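Student: Supplied in structure tokens, the structure appears directly below.
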Amino acid sequence: MRKGQITKESIIRESAVLFNTKGYNGASLSDIMEKCGIRKGGIYNHFGNKDEIAIAAFDYSFSQIVKFLSDELGNASNAREKLLAVCQVYIDLIEKDTIAGGCPLLNTAVDSDDGHPALKERAQQAMGYFLDALNKIILEGVDRQELRKDISVEEASTSIVALIEGGVMLSKLFGDSKYIRSCVNHVMQFVEDRLTVKP
């Protein structure tokens, strides 16, 4: 790998931590320079502006979530285990601090809101990916007759995401993982009561 590419990837990794912990407005170009140990000219060799860095940093952070999900899902054999595996990734975000600052998708969605359209669009795309992944898990469960065929897949996925992200938000806000664990318990109860095929 070329030195320039190594530098660019380092800027992205370090900036990802800054943006995910301080937010877009809270992380300045000076913060990025200090964190990366690089001058402004060195940053502008690779990025046109702070927006480009923020988008690349978000993409990197979300790719970490996707990797964690892929690793956890690889050990699951049925729909219930897969949904629990998804939940475990978010428990680990809080309890093991696998990504500094918590869920980059939640943080970016709240931080960008209406003030940064390009970043908001990136967060929407990432959330679409996450919802599609949950839809796929649920549809596979329906096909295998593990989950009920009369459920609304989209509503189920939306409820699961809302519970998980709400749990992450509360746990980060109060510095206590009991909230994500409580919400995960509700997800699994929802799966058992509303989605699972009864014998």
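Student: Got at least one residue in the stretch 31-47 being in contact with a His (Cβ under 8 Å, 6 or more places away or on another chain) and surrounded by 21 or more Cβ atoms within 10 Å (Cβ to Cβ)?
Tutor: Of the residues in the stretch 31-47, the ones in contact with a His (Cβ under 8 Å, 6 or more places away or on another chain) are none.
No: zero hits.
Student: Oh, and also: Inspect the stretch 130-147 for any residue being touching a residue at least 12 places away in the same chain (Cβ under 8 Å), surrounded by fewer than 17 Cβ atoms within 10 Å (Cβ to Cβ) and touching a Phe, Trp or Tyr at 6+ places or on another chain (Cβ under 9 Å) and give the result as yes or no.
Tutor: no
Student: Report, by residue number, each residue of the stretch 115-151 that is acidic (Asp, Glu) and either touching an Asp or Glu at 6+ places or on another chain (Cβ under 6 Å) or outside any loop (DSSP other than H, G, I, E, B) (or both). Please lay out each step first, then the result.
Tutor: Keep residues of the stretch 115-151 that are acidic (Asp, Glu), which gives 121, 132, 140, 143, 146, 150.
Within the stretch 115-151, 121, 132, 140, 143 meet the criteria.
Residue-wise test of (1) within 30 Å of residue 54 (Cβ to Cβ); (2) out of contact with any His (no Cβ under 8 Å at 6 or more places or on another chain); (3) without any contact (Cβ under 8 Å) to a residue 40 or more places away in the chain.
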position	(1), (2), (3)
127	yes, yes, yes
164	yes, yes, no
171	yes, yes, no
179	yes, yes, yes
191	no, yes, no
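Student: Show me the helices (runs of 4 or more DSSP H) found entirely inside the stretch 1-57 where at least 2 residues are under 22 Å from residue 124 (Cβ atoms).
Tutor: The helices (runs of 4 or more DSSP H) meeting that bar are 3-26.
A short reminder: the numbers here are calculations on the coordinates, not readings from a lab. This structure is a prediction, so every number in the text was calculated from the model and none was measured. Counting neighbours? That spans all protein chains shown, and the Cβs are built from the backbone with ideal geometry, glycine included.
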